[in-house]
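Participant: First the structure, then my questions, so here it is.
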């Protein structure tokens, strides 16, 4: 652990580096614990001391995470960004983004299917079931997937509410 007697002007405390990078103090500590950010040297007063390069590194991490990249991919990108020339970094970034684009496409397809299923279920729920038994025992309950035709097809023989005359 490196110690210094005062906080040099070109260094940031953990609060200052967090503000500059647009993250929280616990996030800085987390990234440090995960190896995305090197352990910061300490001042004589035991304050962590960060550099402008650490701010750039945190901004890269924040942006990559905002794009949905997983920590292992972010860790590799950060390493490459600060240890390799740009010409080597760009293909790595392009590959990581391509994989993320594929993931997003799959998620969109899954969400589109879910939306369709929810819309179909909603369309089948007529809101006119007159059964008095628990829904978990209702053979006409669309949510339980036992009836393709929707509500009102219960095996107990109860008529839909629309068929019962108002009194």
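Participant: State whether the residues of region 68-75 include one that is within 27 Å of residue 102 (Cα to Cα), touching a helix residue (DSSP H, G or I) at 6+ places or on another chain (Cβ under 7 Å) and in a loop (DSSP other than H, G, I, E, B). Explain how you work it out, then say what you get.
Facilitator: Just the residues of region 68-75 that are within 27 Å of residue 102 (Cα to Cα), to begin with: 68-75.
Next, from what is left, pick out any that are touching a helix residue (DSSP H, G or I) at 6+ places or on another chain (Cβ under 7 Å): 68-69, 73-74.
When the remaining residues are screened for being in a loop (DSSP other than H, G, I, E, B), the result is 68-69.
Scanning region 68-75 turns up at least one residue that is within 27 Å of residue 102 (Cα to Cα), touching a helix residue (DSSP H, G or I) at 6+ places or on another chain (Cβ under 7 Å) and in a loop (DSSP other than H, G, I, E, B).
Residues are listed down the side, and each one gets a yes or a no for (1) more than 17 Å from residue 38 (Cβ to Cβ); (2) exposed (fewer than 12 other Cβ atoms within 10 Å of the Cβ); (3) not assigned by TED's automatic domain parsing to the domain that holds residue 58:
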position: 72; (1), (2), (3): yes, yes, no
position: 78; (1), (2), (3): no, no, no
position: 83; (1), (2), (3): no, yes, no
position: 94; (1), (2), (3): yes, yes, no
position: 105; (1), (2), (3): yes, yes, no
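Participant: Under 6 Å between Cβ atoms, at least 6 apart or on separate chains: pull out the pairs that start in region 7-18 with a residue that is surrounded by fewer than 20 Cβ atoms within 10 Å (Cβ to Cβ) and end on any residue that is at pLDDT below 90 and assigned to a loop (DSSP other than H, G, I, E, B).
Facilitator: 7/43; 13/47
Participant: Still on this structure: Would you call residue 36 crowded, with 17+ Cβ neighbours inside 10 Å, assigned by TED's automatic domain parsing to the domain that holds residue 98 and within 19 Å of residue 82 (Cβ to Cβ)?
Facilitator: Values: crowded, with 17+ Cβ neighbours inside 10 Å: yes; assigned by TED's automatic domain parsing to the domain that holds residue 98: yes; within 19 Å of residue 82 (Cβ to Cβ): yes.
In short, yes.
Participant: Another question, then. What about residue 104, is it modelled with pLDDT of 95 or more, touching a strand residue (DSSP E or B) at 6+ places or on another chain (Cβ under 7 Å) and assigned to a helix (DSSP H, G or I)?
Facilitator: On the way: modelled with pLDDT of 95 or more: yes; touching a strand residue (DSSP E or B) at 6+ places or on another chain (Cβ under 7 Å): no; assigned to a helix (DSSP H, G or I): yes.
No: the conditions fail for residue 104.
Participant: Identify, from the list 42, 87, 48, the residue that is crowded, with 16+ Cβ neighbours inside 10 Å and either modelled with pLDDT under 95 or on the phi > 0 side of the Ramachandran plot (or both).
Facilitator: Numbers: 42 fails: crowded, with 16+ Cβ neighbours inside 10 Å; 87 fails: crowded, with 16+ Cβ neighbours inside 10 Å.
It is 48.
Participant: Regarding residue 124, is this residue farther than 30 Å from residue 12 by Cα, over 20 Å from the mean Cα position of the chain (by Cα) and surrounded by 13 or more Cβ atoms within 10 Å (Cβ to Cβ)?
Facilitator: Working: farther than 30 Å from residue 12 by Cα: yes; over 20 Å from the mean Cα position of the chain (by Cα): yes; surrounded by 13 or more Cβ atoms within 10 Å (Cβ to Cβ): yes.
So residue 124 fits the description; yes.
Participant: Give the residues of region 26-60 that are touching a helix residue (DSSP H, G or I) at 6+ places or on another chain (Cβ under 7 Å), assigned to a helix (DSSP H, G or I) and touching a residue at least 40 places away in the same chain (Cβ under 8 Å), sorted by residue number.
Facilitator: 54, 55, 58
The values are calculated or read from the model by the stated rules, or taken from the named source; none is laboratory data. A quick note: this is a predicted structure, and the numbers were derived from the prediction, not measured. Because the Cβ atoms are built from the backbone with ideal geometry, glycine has one as well, and the counts that use them run over all protein chains shown.
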